[in-house]
């Protein structure tokens with residue numbers, strides 16, 4: 001069981017978490033519960049680091065921000081014990097959850113499950129501080145990146161060979177799209193690992209991308225469900241599982257959108273070998289993730305226009321890097337746009353159906369929505385459009401692929 | 001160097017701490033800095049524990065409340081590194097600082113100084129999270145009690161064989177008495193370990209009692225000084241040292257007072273063997289600390305009145321215990337008073353001077369102050385009086401023993 005920041009935001013909510021734990025335990029389960037920091041706490045700690053020094057030491061950052069989860073783990077253990085359920089908290093280094101030394105974005109290297117299993121045999125619920133691990137031989141605390149508690153939970157579930165991993169959050173499952181934009185969005189009963197991975201990568205915030213990769217790789221049956229349900233009458237949530245386990249396969253399973261995009265266009269770039277490298281190698285070296293590259297031959301045939309997207313947070317840095325290299329690259333002008341959004345349709349059914357994306361391009365054109373860029377892969381396609389058309393585009397595609405709930 | 005909660009209350013103050021560290025490092029010192037949690041943070045964590053369950057699990061309490069120091073240790077390390085000083089934070093379990101398993105009031109059993117010393121040889125400042133340790137073989141976090149960071153600092157100083165241990169606080173040293181009550185109070189240049197121990201026990205809040213015991217036992221030269229001084233022009237503070245190192249010995253060194261007292265009187269207790277045990281054994285078993293016991297023969301010679309003090313926080317519990325045992329003890333009535341204060345005079349010079357206390361009784365009587373109880377030891381005496389007379393009594397004794405600063 002994993003509970004995120006809003007589910008443990010105060011003592012009353014942690015008591016509610018204890019009720020969920022009690023229900024599962026009463027049903028005979030041995031349980032490890034992974035908890036995040038109380039909502040807002042991690043942001044507070046991150047802000048202090050940034051105030052202390054803009055380029056803070058990442059190992060110290062980890063030592064600081066990992067402390068929030070220690071508090072919730074201890075509080076949940078206190079409440080469980082107080083209600084008669086044997087329990088103890090586990091800090092990342094106590095288990096230990098071993099990671100590499102990539103502070104701030106560490107990857108789990110191994111988990112020693114012996115201590116937790118011994119606890120189970122004593123009837124104890126293991127309450128685990130999420131988001132964190134330990135690097136050896138430095139003996140220092142690491143963290144797994146924002147949303148890392150999801151990954152803690154899936155990795156623990158794999159390590160203790162759990163029957164299931166329930167990710168409790170503030171929504172009751174994975175939806176066909178964001179219900180705030182499309183009231184007709186439906187909760188999915190099941191979604192394939194590959195689809196969930198694309199959805200998480202393309203803007204759906206329900207799970208950390210890495211946790212889905214890990215669940216897929218280690219075949220962990222993962223449920224997304226709500227901590228705000230009545231603990232005695234919980235909804236089943238959404239099961240993330242192998243494609244083969246989904247009987248009624250849709251062509252498109254969900255529509256995601258991401259506002260975290262910015263577009264850069266370089267006009268009249270000399271159309272000669274090596275020019276792509278001149279643009280993209282410096283961006284890669286600066287750790288800027290480039291997406292959706294398109295190249296259009298311009299009026300005169302010796303130059304081309306190159307358009308691509310970068311995360312909004314990296315927009316200014318990317319612009320600066322390219323402007324500094326204007327001479328080396330050779331372009332006439334650089335145009336940027338931040339008011340763009342990437343809308344994506346995801347479904348493993350696309351593998352066996354042709355023309356899925358083409359249908360979308362036509363539908364969007366009919367609504368007067370201009371497509372700035374397109375990318376496709378085996379099980380998804382994305383279009384970059386003006387941000388003003390986000391809702392219209394998402395609703396159009398949601399209807400187009402038959403995802404609307406019956407009225 | 002040790003900095004308490006008010007000295008690290010926010011990032012700006014932690015920057016100021018870094019300036020003190022830099023000054024000492026520039027002067028050639030190898031430094032371990034012990035830090036407390038930002039002021040208010042420990043109280044917040046304790047309040048959450050109490051809200052979670054009145055009888056919270058003490059091991060979980062420790063895991064929770066020890067987290068505050070991790071934050072300040074990381075932040076100070078970030079700021080030191082940012083200003084070009086090699087540094088790293090150390091959590092209690094990383095060093096480790098080993099303790100017994102008395103959660104909430106653990107005692108340090110041993111410190112492995114190898115990691116810190118290796119850091120010194122690389123030029124690193126060790127920033128140590130105070131107040132906490134690790135118990136083995138349980139591998140669980142322990143805490144040393146309120147004010148425990150003082151003890152962390154003294155124990156570390158002993159372990160690394162430091163030349164000195166500087167306790168930075170919000171006052172610039174140890175005073176002859178509380179300057180808020182006696183404006184003529186003077187900062188002491190030196191104070192003997194034994195005197196400091198009595199002062200801390202009798203109400204002076206400047207240092208945790210256990211830290212003074214440890215400094216005395218391990219002969220750690222300890223200074224109390226201010227973190228709010230200009231880091232480039234610091235005042236020397238007060239040295240706590242062996243009695244022999246103090247040349248100009250006063251008879252009385254300081255006047256302390258404690259409002260944390262409550263008085264209980266049992267009237268007409270049968271004057272027979274075993275009655276004292278009937279009263280005080282149950283209190284001891286309930287971990288209630290009894291002080292200042294006096295026994296007065298009452299009008300009829302077969303019974304006596306017994307008066308004693310307990311900490312205010314334990315007053316109601318003590319009363320309940322005694323009322324439940326009224327039959328077994330045999331007394332006519334129980335009277336309690338919470339508006340009392342214990343005023344004490346401390347000085348190693350009392351050992352060689354007779355009549356020091358008698359002088360005080362006379363002076364207090366002349367001011368019309370009624371003494372409810374008296375205790376004396378080799379180097380101090382205490383009187384219990386009505387709380388309303390606190391300031392008058394403290395000022396009277398401060399003048400009486402020549403402690404007032406020259407005008």
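Derivation of every value follows stated rules applied to the coordinates shown; laboratory data play no part. On a predicted model such as this, the values are computed, not experimentally measured, just so you know. Here the Cβ is made from the backbone with ideal geometry for all residues, glycine too, and neighbour counts use every protein chain on show.
For residue A:326 and residue A:301, the FRET efficiency from 1/(1 + (r/R0)^6), where r spans their Cβ atoms and R0 equals 22 Å, is about 0.50.
With a cut-off of 20 Å on the backbone N, the residues of region B:179-205 near the modelled label site 7 Å out from residue B:233 along Cα-Cβ are B:187.
Based on DSSP, what percent of beta bridges with both residues in region B:2-243 are antiparallel, to the nearest 5?
35
Between residue A:294 and residue A:121, the modelled label-to-label distance comes to 6.2 nm, taking each label 7 Å out from Cα in the direction of the beta carbon.
Cβ neighbours within 10 Å, averaged per peptide: list B:152-163, A:86-97 in order, most packed at the top.
A:86-97, B:152-163
A Förster distance of 35 Å, applied to the separation of the beta-carbon atoms of residue A:44 and residue A:388, puts the FRET efficiency at 0.55.
Seen against the Cα atoms of chain A and their longest principal axis, helix A:390-400 is set at about 80 degrees. The rotation axis that maps chain A onto chain B passes nearest to the beta carbon of this chain A residue, listed with its distance in whole angstrom: A:67, 2. Along each principal axis, taking the top coordinate minus the bottom one, the Cα set of region B:249-407 gives 58, 32, 27 Å in descending order.
Annotation for residue B:248 and residue B:378: the two label points, set 7 Å from Cα along the Cα-Cβ direction, are 2.6 nm apart. Summary value for chain A: 14 percent relative contact order, contacts being C-alpha pairs under 8 angstrom separated by 6+ residues. Remark: the Cα gyration tensor places region B:2-243 in the rounded category, a/c being less than 1.5.
Across region A:1-128, the relative contact order, built from alpha-carbon pairs under 8 Å that are at least six residues apart, equals 28 percent. Once both axes come from the Cα atoms, what is the angle between helix A:67-82 and the longest principal axis of chain A, in degrees from 0 to 90, rounded to 10? The answer is roughly 40 degrees. So what's the angle, to the nearest 10 degrees on a 0 to 90 scale, between helix A:41-52 and the longest Cα principal axis of chain A? With both axes taken from Cα atoms, the answer is about 60 degrees.
The DSSP beta bridges internal to chain A are antiparallel in roughly 70% of cases. For residue B:280 and residue B:6 in one chain, what is 0.36 nm times their gap in residues minus the Cα-Cα distance, to one decimal in nm? Full extension from residue B:280 to residue B:6 adds 94.7 nm. Among A:197, A:117, A:397, the largest mean-square fluctuation in a Gaussian network model of chain A (Cα springs under 10 Å) belongs to A:117. Look at the alpha carbon pairs under 8 Å that are at least 6 residues apart: their mean separation over the length of region A:2-243 gives a relative contact order of 20 percent.
For peptide B:134-145, compute the average count of partner chain beta-carbon atoms within 10 Å of each residue's beta-carbon.
Mean number of neighbouring Cβ atoms from other chains: 2.
As a test, work out the antiparallel percent of DSSP beta bridges whose residues both lie in the protein assembly as shown, rounded to the nearest 5.
70
For chain B, the square roots of the Cα gyration tensor eigenvalues, ordered a ≥ b ≥ c, give a/c of at least 1.5 with a/b no greater than b/c, which places it in the oblate category. Peptide A:43-52 shows a mean partner chain C-beta count of 4 within 10 Å per residue C-beta. Computed FRET efficiency, Cβ-Cβ of residue A:334 and residue B:83, R0 41 Å: what is it to the nearest 0.05? In this case the efficiency is close to 0.65. Averaged over the residues of A:7-15, the number of partner chain Cβ atoms lying within 10 Å of the residue Cβ comes to 2. Helix content alone sets the calculated 222 nm mean residue ellipticity of chain A: runs of n ≥ 4 DSSP H residues at -39500 (n - 2.57) each, divided across all residues, give -10000 deg cm²/dmol. Counting from the shortest, the label point at residue A:230, 7 Å from Cα toward Cβ, is 7.0 nm from the same position in each remaining copy. Shape analysis of region B:97-170 places it in the oblate category; the axes a ≥ b ≥ c from the Cα gyration tensor give an a/c of at least 1.5, with a/b not above b/c.
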